[in-house]
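The values are calculated or read from the model by the stated rules, or taken from the named source; none is laboratory data. Remember, predicted model here, so these are calculated numbers, not experimental data. Methodologically, a virtual Cβ is constructed for each residue, glycine included, from the backbone with ideal geometry; neighbour enumeration extends over all protein chains shown. Just so you know, the surface numbers come from the protein's heavy atoms only, side chains and all, with ligands and any DNA or RNA stripped out. Shrake-Rupley method; radii C 1.70, N 1.55, O 1.52, S 1.80 Å.
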Amino acid sequence: MSVRRHNLSVVLNHLRVHGGRSRARIAADTGLNKATVSSLVAELLGRGLVREGEIERGSVGRPGQTIELDATNFIALGAEVAIDYVSIMATNLRGEVVSEQRLALDTAGLQAGIVLRRLAGLVGSVIEPLAAGGAVPVGLTLALPGITDPASGLVWDAPNLGWHETAVLEPLRRHLGEPAYPILLENEANAAVLAELDVRGRAAAPDLLLITGATGVGGGIVTGGRLLRGSRGFAGELGHMQVDPAGRRCRCGRVGCFETVVGLGALLRALAPQGDPVRDPSIDVVQRLDEVRSRLEAGDPVARAAVEQIGDGLVQGCGSLVNIFNPGMIVLGGYFAVLGQWFAPRLRSELDTEVFAPKSGGCSIELSTLGFSAAVRGGALRATRHVFDEPGLVPFRADVRETSGALS
Ligand SMILES: [Zn+2]
């Protein structure tokens, strides 16, 4: 990367983290000289990434015009294919949600091409009104519950979707009309972890384990403030850790995987017979979980027993994970968080029985506040980071106006 491209990123990130300030103060803070900062700010203004704010009367030099991040000209997109739905979130460059949509869809029952076409339609319905208002998409991250290969744009294996060595980026790009912005690929739980770290702050949670409960069970492992990806990027498949050798066959072909014991499917099987609306994938998952919650609150003994059963599995699985990773915090995401009031107290009181280290190795149990939006939020965040790393790739506003048709 050239020095100038690097310095553009330094200035833009400085404004994101520390807020608006004068050119003189940016120079003093970053150690860049004033002429360089003026030139860099001119370029960032031209690209629509910053704007001039109020006059600053600070301690450094003469009063100067404040330069601040202009989050509103751009949107970053996170998209997710889950087992029961597809969803999309658009944020501005500050990570504030601009638009979000989720469509209940039995994705496992459909061909990959059809699912991706439906997702592209949903993406279009979110982008079009925003683009009409002048916002330019800067990137999209597609999150999927499986082993993904971002370089080739393939999903190696997503057993719950039935996708094996399936091309996803190329068809999505085609259905979106070959957009100018980059499209990235990420595992669903790894995307969710990025969002959790953003909400909690990396410093506050340097050793964190996220366990997301949906039809599949995903995991994201953060050690020393960094996401653990493993040698080929496949780490964190907690859902396929064997916890019941005499148990059910998993969609991955093995027996007794963690997700066969604590996944949403296990809960719903224990809770209701086939034909009960809570098991109908055409109904939005949040709506179905609202119904489960009502049954629990009403003291329904079958629902209570089902949650007890899942709780047993969570204590056992989390115990093994704590023994291996010694996280400072386990964050329960997805449906584990939606029904967290029934899972978290049990884990807090019983985790210790499964952990070798005293007092569960200092591990606390927290609930994600991001619901089923964690992966799309993390995806949008990744697309945003790309702008902060390489602001020079964002087109100048004059160019955007000339070619706005091609970019929308
Ligand atoms: Zn499995």
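Selection of segment 289-300 for residues being part of a helix (DSSP H, G or I) and surrounded by 12 or more Cβ atoms within 10 Å (Cβ to Cβ) yields LEU289, ASP290, GLU291, VAL292, ARG293, ARG295, LEU296.
As for segment 301-308, it holds no residue that is buried (at least 19 other Cβ atoms within 10 Å of the Cβ) and within 16 Å of the ligand (Cβ to nearest atom). Cβ-Cβ distances below 6 Å connect the following pairs, each with a first residue in segment 226-241 that is under 19 Å from GLY216 (Cα atoms), a second residue that is β-branched (Val, Ile, Thr) and within 16 Å of the ligand (Cβ to nearest atom), and a separation of six or more residues or different chains: PHE234/ILE147; GLY239/VAL217.
Among the criteria (1) within 25 Å of the chain's Cα centre (by Cα); (2) part of a helix (DSSP H, G or I); (3) surrounded by 17 or more Cβ atoms within 10 Å (Cβ to Cβ); (4) more than 16 Å from the ligand (Cβ to nearest atom), the one PRO281 does not fulfil is (2). A count restricted to segment 39-57 and to residues that are farther than 21 Å from VAL138 by Cβ and either surrounded by fewer than 16 Cβ atoms within 10 Å (Cβ to Cβ) or modelled with pLDDT of 95 or more (or both) stands at 5.
Within segment 185-214, being under 19 Å from ASP157 (Cα atoms) and open to solvent by 40 Å² or more (accessible area, probe 1.4 Å) holds for no residue.
Take SER320 and tell me if it is in contact (Cβ under 8 Å) with a residue 40 or more places away in the chain, within 19 Å of ALA104 (Cβ to Cβ) and polar (S, T, N, Q). It is false that SER320 is in contact (Cβ under 8 Å) with a residue 40 or more places away in the chain, within 19 Å of ALA104 (Cβ to Cβ) and polar (S, T, N, Q). With respect to the conditions (1) assigned to a helix (DSSP H, G or I); (2) at pLDDT 95 or above; (3) of a type outside the set (Ser, Thr, Tyr), VAL286 lacks only one, and its number is (2). Evaluated against (1) modelled with pLDDT under 95; (2) open to solvent by less than 30 Å² (accessible area, probe 1.4 Å); (3) in contact with a Gly (Cβ under 8 Å, 6 or more places away or on another chain), PHE396 falls short on exactly one condition, (2).
Taking the residues in segment 372-393 that are more than 11 Å from the chain's Cα centre (by Cα) and in contact (Cβ under 8 Å) with a residue 24 or more places away in the chain as candidates, determine which candidate is most open to solvent (accessible area, probe 1.4 Å). Step by step, filter segment 372-393, then rank; the result is ASP389.
Residue-wise test of (1) assigned to a loop (DSSP other than H, G, I, E, B); (2) open to solvent by 60 Å² or more (accessible area, probe 1.4 Å); (3) under 16 Å from ALA375 (Cβ atoms).
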{"site": "GLY113", "(1), (2), (3)": "no, no, no"}
{"site": "ARG118", "(1), (2), (3)": "no, yes, no"}
{"site": "GLY121", "(1), (2), (3)": "no, no, no"}
{"site": "PRO129", "(1), (2), (3)": "no, yes, no"}
{"site": "GLY134", "(1), (2), (3)": "yes, no, no"}
{"site": "GLY139", "(1), (2), (3)": "no, no, yes"}
{"site": "LEU142", "(1), (2), (3)": "no, no, yes"}
{"site": "THR148", "(1), (2), (3)": "no, no, yes"}
{"site": "ALA151", "(1), (2), (3)": "yes, yes, no"}
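Each residue in segment 319-360 was checked for being under 22 Å from ASP198 (Cβ atoms), open to solvent by 20 Å² or more (accessible area, probe 1.4 Å) and of a type in the set (Phe, Trp, Tyr), and 1 of them qualify.
SER9: part of a helix (DSSP H, G or I), without any contact (Cβ under 8 Å) to a residue 24 or more places away in the chain, polar (S, T, N, Q) and open to solvent by 10 Å² or more (accessible area, probe 1.4 Å), yes or no? So SER9 fails the test. Looking only at residues in segment 262-278 that are open to solvent by 30 Å² or more (accessible area, probe 1.4 Å) and in a helix (DSSP H, G or I), the one that is nearest to the ligand (Cβ to nearest atom) is ARG269. Residue count for segment 224-261 under the criterion of being within 12 Å of the ligand (Cβ to nearest atom) and among the aromatic types (Phe, Trp, Tyr): the result is 1.
For segment 219-235, name all the residues that are open to solvent by 10 Å² or more (accessible area, probe 1.4 Å) and either out of contact with any Asp or Glu (no Cβ under 9 Å at 6 or more places or on another chain) or in a strand (DSSP E or B) (or both). Of everything in segment 219-235, those that are open to solvent by 10 Å² or more (accessible area, probe 1.4 Å) and either out of contact with any Asp or Glu (no Cβ under 9 Å at 6 or more places or on another chain) or in a strand (DSSP E or B) (or both) turn out to be THR223, ARG226, LEU227, LEU228, ARG229, GLY230, SER231, PHE234, ALA235. Is at least one residue of segment 206-218 at pLDDT below 95, touching a Lys or Arg at 6+ places or on another chain (Cβ under 7 Å) and more than 15 Å from the ligand (Cβ to nearest atom)? No, there is no match, as no residue in segment 206-218 is at pLDDT below 95, touching a Lys or Arg at 6+ places or on another chain (Cβ under 7 Å) and more than 15 Å from the ligand (Cβ to nearest atom). Taken over segment 76-109, the criterion of being surrounded by 24 or more Cβ atoms within 10 Å (Cβ to Cβ), outside any strand (DSSP E or B) and under 14 Å from the mean Cα position of the chain (by Cα) is satisfied by ALA82 alone.
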